[in-house]
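Here is the structure we will look at, set down as structure tokens.
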Protein chains: 2
Amino acid sequence: MRDMGKTTQVPVVQGILSANDEIALQNQALLRQHRILTVNLMASPGAGKTSLILRSIEALRTRLRIGVVEGDIASSVDADRVAAGGTAVVQINTGGQCHLDAPMVRRALATLPLPELDVIIIENVGNLICPVDFHLGEDLNVMIASVPEGDDKPYKYPGIFTAVDAIVINKVDLLPYLRFDMQALRKLVLGMNPDVRVFAVSCESGAGIEEWTQWLEQQATTKRQA
Amino acid sequence: MRDMGKTTQVPVVQGILSANDEIALQNQALLRQHRILTVNLMASPGAGKTSLILRSIEALRTRLRIGVVEGDIASSVDADRVAAGGTAVVQINTGGQCHLDAPMVRRALATLPLPELDVIIIENVGNLICPVDFHLGEDLNVMIASVPEGDDKPYKYPGIFTAVDAIVINKVDLLPYLRFDMQALRKLVLGMNPDVRVFAVSCESGAGIEEWTQWLEQQATTKRQA
């Protein structure tokens, strides 16, 4: 029988991070050491994540060195497109998992030439739901909402629209052929997330890309000086 | 101490189903009893799930009584659109979960007038990944792949393209404005899933809807006679 008169000290651990968040912090520390701005890019399948990455690399080629982490359930078709332009890129295949996680990104970062990079864009798995809950070590969360998906998506996927720092509305070249109320969408997302930046672009025509890449460059400059 | 000489009979349970699959079988039995054809409709956000449901109801109005289960993370905007036409509909809000499951569908079925229905279309959460792993009690799995998403999606989301009985390629009215190789996509999906039916439709113009609804009606007739 235990002596109930003695007080037993039970160790209490507070503020426990998930294993994912622990490793995300390690990724963040590594990226901070290299002063690399890191963007977690999320969207539905086919919204234009790879196209936005290619447009950004092209527009910033002479000013920023961009590396890319491609996340997909399977295949390396996106990484192949990015690598074709000479960019440092690594493909993660999740093998069925519906989002990237920090351990996957850690393994990917180990293969990139970090001292030679200013920005890393991580293209998450095409999914508006699951990626939101997993920190990777990123500085910025950015989502693409494409015009053909419709202007009602914030109602249905509020989690991602409130979690991101910027929303890129892509495929504005299709606006003449679709019912899509850009003003209503802007009003809706700013109501849910007042500090979010909204960009309207076409990765097809190049419209609006300059405004987006200027913002991205500004964020990278701030990071370098931090 | 136990008598090791005696053989203890340990009960062995084999062929264990997941809790979800157990309830999916119960749903299936209930729907079979009512001879209702049940379709699990999956797609990316904004591919046109609700629009295809509305077109199908309209085309089959005089021949089939269709009920609808709407699945979304949040909101009832889709169910409101369906209910406006007088269709029996129930909205499931998953509260963050990235797919429907059999218990949710069981609760939804309890609210529908089953003796008055020939077909139930279940609109799953907009997601190409997670819904595939959860049986609901459906007869048919159908996915929509929309033209603006691009023709390379089977490479990236092979799970869903191989799991479905039919693929509806929606938004063919946008083909003149996009690079999309319909023949290449058909060849790719038939290579992965030789028995799949492929339909090309526009929920905007109505093109191709008749072929799709004829097939759906045929499936419902087979179910009624089973």
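Among B:165, B:72, B:152, the largest mean-square fluctuation in a Gaussian network model of chain B (Cα springs under 10 Å) belongs to B:152.
Taking every DSSP helix (H) stretch of at least 4 residues in chain A, weighting each as -39,500 (n - 2.57) and dividing the sum by the residue count yields a mean residue ellipticity at 222 nm of -10500 deg cm²/dmol. One Cα centroid belongs to region A:160-202, the other to region B:4-83; the line between them spans 33 Å. The amide H of residue A:120, built 1.01 Å from its N in the peptide plane, has A:37, A:38, A:39, A:67 as neighbours under 5 Å, considering only residues 5 or more places off or on other chains. For region A:17-27, putting each phi into the Karplus relation 6.51 cos²θ - 1.76 cosθ + 1.60 with θ = phi - 60° gives couplings of 8, 5, 4, 4, 5, 4, 6, 4, 5, 5, 4 Hz, in residue order, rounded to whole numbers and with x for Gly and Pro. Between the listed residues B:69, A:33, B:91, the Cα displaced farthest toward the positive end of the dipole of the protein assembly as shown, a dipole computed from Cβ unit charges relative to the Cα centre, is found at A:33. Among the lysines of chain A, pairs at least eight places apart or on separate chains and with Cα atoms under 23 Å apart come to 9. For region B:19-225, the Cα gyration tensor yields ellipsoid semi-axes of 26, 19, 17 Å (square root of five times each eigenvalue, largest first, whole Å).
Measuring r between the beta carbons of residue B:205 and residue A:116 and using R0 = 51 Å, the FRET efficiency lands at 0.50. Inverting the pair-averaged 1/r between distinct Cα atoms of the protein assembly as shown gives 23.9 Å as its Kirkwood hydrodynamic radius. Going 7 Å from Cα along the Cα-Cβ axis for the label, what nanometre distances separate residue A:26 from the same residue across the other copies? Here the equivalent label points are 4.3 nm apart from this one.
Taken residue by residue and averaged, Cβ atoms of other chains lying within 10 Å of the Cβ of A:150-161 number 5.
Take B:33-45, B:90-102, A:130-142 and order them by the average number of nearby Cβ atoms within 10 Å per residue, most first; the result is B:33-45, A:130-142, B:90-102.
Lacking any other cysteine beta-carbon closer than 4.7 Å, the following Cys residues of the protein assembly as shown have no compatible partner: A:203, B:203. When only Cα pairs below 8 angstrom with a gap of at least 6 residues are kept, chain A shows a relative contact order of 25 percent. Residue A:211 label point (Cα plus 7 Å toward Cβ) to equivalent points in the other copies: 4.1 nm, shortest first. With viscosity 0.890 mPa s and temperature 25 °C, the Kirkwood radius over alpha carbon pairs of region A:1-121 converts through Stokes-Einstein to a diffusion coefficient of 148 µm²/s.
No value in this document is a laboratory result; all are computed from the given coordinates. Given the structure is predicted, the values throughout are model-derived calculations rather than measurements. As a convention, Cβ positions derive from the backbone with ideal geometry for all residues, glycine included, and neighbour counts pool all protein chains shown.
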